[in-house]
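See below for the structure under consideration.
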Amino acid sequence: MIKAWVHPEYRDDPARKTLARTFPSAKPFPHMVLHEFFSPVRIKRVREELLKQSFAFKESDLFRFHQTADVSTLSNKTLQEFFQFFSSKEFCSYISTITKTKVNKADMSGFIYSSTDHLLPHDDRLEGRRIAYVVNLSQGFTRKDGGALSFFETKRNRPLRIVRSFTPAFNTLFLFKVSPKSFHQVDEVLTDKKRLSLAGWFYG
Amino acid sequence: MAELIHPQYFLKHVLLAAAQQFAKNKSIQLHQFLLPETYKKAALPLQRAALREHYLPDQYHCHELKTIPMVVKQLQRWLKSKEAATLVSTLVQKKVSFKESCLCVYVHKDYTLLHDKNKEPPGYDVIIDLTTHWDQRACGHHSYVRNGQELVRVSPDPNTLAIVHRPAPVMKFVKYVNYHAGKDRRIALEARFA
């Protein structure tokens, strides 16, 4: 399945070894950003099908966005295929290798962040979560549109200030290790463009 | 201190109606609370006053004033007075006294989060709103929640005094202020009575 879904430059052994070397030393905490990661034809279809789904409005002190039900419960064939690949033994083994973190299953939901939507600083820690991921499906975002995924520098496991920010880019996979240091946020969206993604966690 | 407050809030029938409303809703917002002159003197300089950032990103991000204008100091003294305790006690129909207060400024990107470390003792929250202009789309409201369910929302509203009953399981947060705020400031003199 990896052959069908993942871009060739990320598939071979040397590529896996290079990724495995860079992930643990990334600052401010282990992470990687893999551009053009999926087959462009397939991920375009995933985007199109995701946009046809129903998204529920969610708001709390921490966030404001729209979210689908767990993708495993959706009846859409393309999204089911993508989720089956993403949570497969083969892909979990690939993620385990490149992050040097043993994982064996994943969950997944679709998200839309519209104008003023946001997710404030938190570390994602919850029983079993090992690697957090975002499959970015937004198109046409620039820095001034907001919606960046931002990472905090920490001191004694408390967030201090933002030190890295990643503008949403289509067909990019973000991975980061969940730990007491993994404080991050999604910056407020400042545009009428929609920030679309599939996101969740790998568990181990 | 009576010269600060609009005289209607010394009228028995007004206070009785307000107390009945509070008993029903467990919250109340009194409009035109300060005399127009007092409000102008307090609120206008606050829009230009120098601010200091105050933050622990996983708990709150807000601002405080570097120096507090005299008329605001007067209001802070009033909150500690017997007169204020009597007014709040009349409205909540229970003898209460002043416990603590702070002057909080919320601008674009500010918020407070529900966090175990921010748990406040229960009581009656009093919010004097010294905001001058606010686009309601900007949020920045106080939200009172129990088990994730919003019970009361106090929206920014110039020259109001809000009182909210906050028993132990109810917690409050200030919703993230989004870009619709522009350069506006939500300024709230917040106090707790118990």
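Observations on the model:
- Annotation: A:Ile98 carries an accessible surface of approximately 0 Å², with a 1.4 Å probe and no ligand, DNA or RNA atoms counted.
- On a per residue basis, the convex hull of the C-alpha atoms belonging to region B:78-172 measures out at 117 Å³.
- In the A-B interface, the accessible area buried, summed over both sides, Å² (probe 1.4 Å): 1500 Å²
- Using the Cβ of A:Lys105 as centre and a radius below 14 Å, the other residues enclosed give a net charge of 0, where K and R count +1 and D and E count -1.
- Rounded to the nearest 20, the size of the Cβ-charge dipole of chain B about its Cα centre is 280 debye, with Lys and Arg at +1 and Asp and Glu at -1.
- Per residue solvent-accessible surface (Å²) - chain B, probe of 1.4 Å: 49 Å²
- Computed E for A:Glu36/A:Asn157 - FRET, C-beta separation, R0 45 angstrom, nearest 0.05: 0.85
- Around the amide H of B:His6, modelled in the peptide plane, lie the amide H atoms of B:Leu34, B:Leu35, all under 5 Å away and 5 or more residues distant in sequence or on another chain.
- This model, with +1 at the C-beta of Lys and Arg and -1 at the C-beta of Asp and Glu, gives chain A a dipole about its Cα centre of some 620 debye.
- Checking every one of the trypsin sites (Lys or Arg not before Pro) in region B:1-78 against DSSP loop status and a limit of 15 other Cβ atoms within 10 Å picks out B:Lys66.
- Against the criterion of solvent-accessible heavy-atom surface with a 1.4 angstrom probe, A:Ser114, A:Ser93 sort, most first, into A:Ser93, A:Ser114.
- Here the convex hull built on the C-alpha positions of the protein assembly as shown has a volume of 145 cubic angstrom per residue.
- Probe 1.4 Å - accessible area at B:Leu56, Å² to nearest ten: 60 Å²
- Exposure rank, largest accessible area first [B:Thr67, A:Thr142; 1.4 Å]: B:Thr67, A:Thr142
- Shown is the FRET efficiency for B:Lys95 and B:His31, computed with R0 = 25 Å from the Cβ-Cβ distance and rounded to the nearest 0.05: 0.45.
- Residues in region B:29-62 that, when all protein chains are in place, have 20 Å² or more less accessible area than the chain alone would give (probe 1.4 Å): B:Tyr55, B:Pro57, B:Asp58
- Sulfur and carbon atoms: percent of accessible area, the protein assembly as shown [1.4 Å]: 53 percent
- FRET efficiency estimate (nearest 0.05) - Cβ-Cβ, B:Lys117 to A:Glu48, R0 45 angstrom: 0.50
The values are calculated or read from the model by the stated rules, or taken from the named source; none is laboratory data. Computed from a prediction, not measured in an experiment: that's the story for all the values here. Note that we place each Cβ from the backbone using ideal geometry, even for glycine, and neighbour counts take in every protein chain shown. Accessible surface is based on the protein model in full, side chains and every heavy atom, while ligands, DNA and RNA are left aside. Shrake-Rupley method; radii C 1.70, N 1.55, O 1.52, S 1.80 Å.
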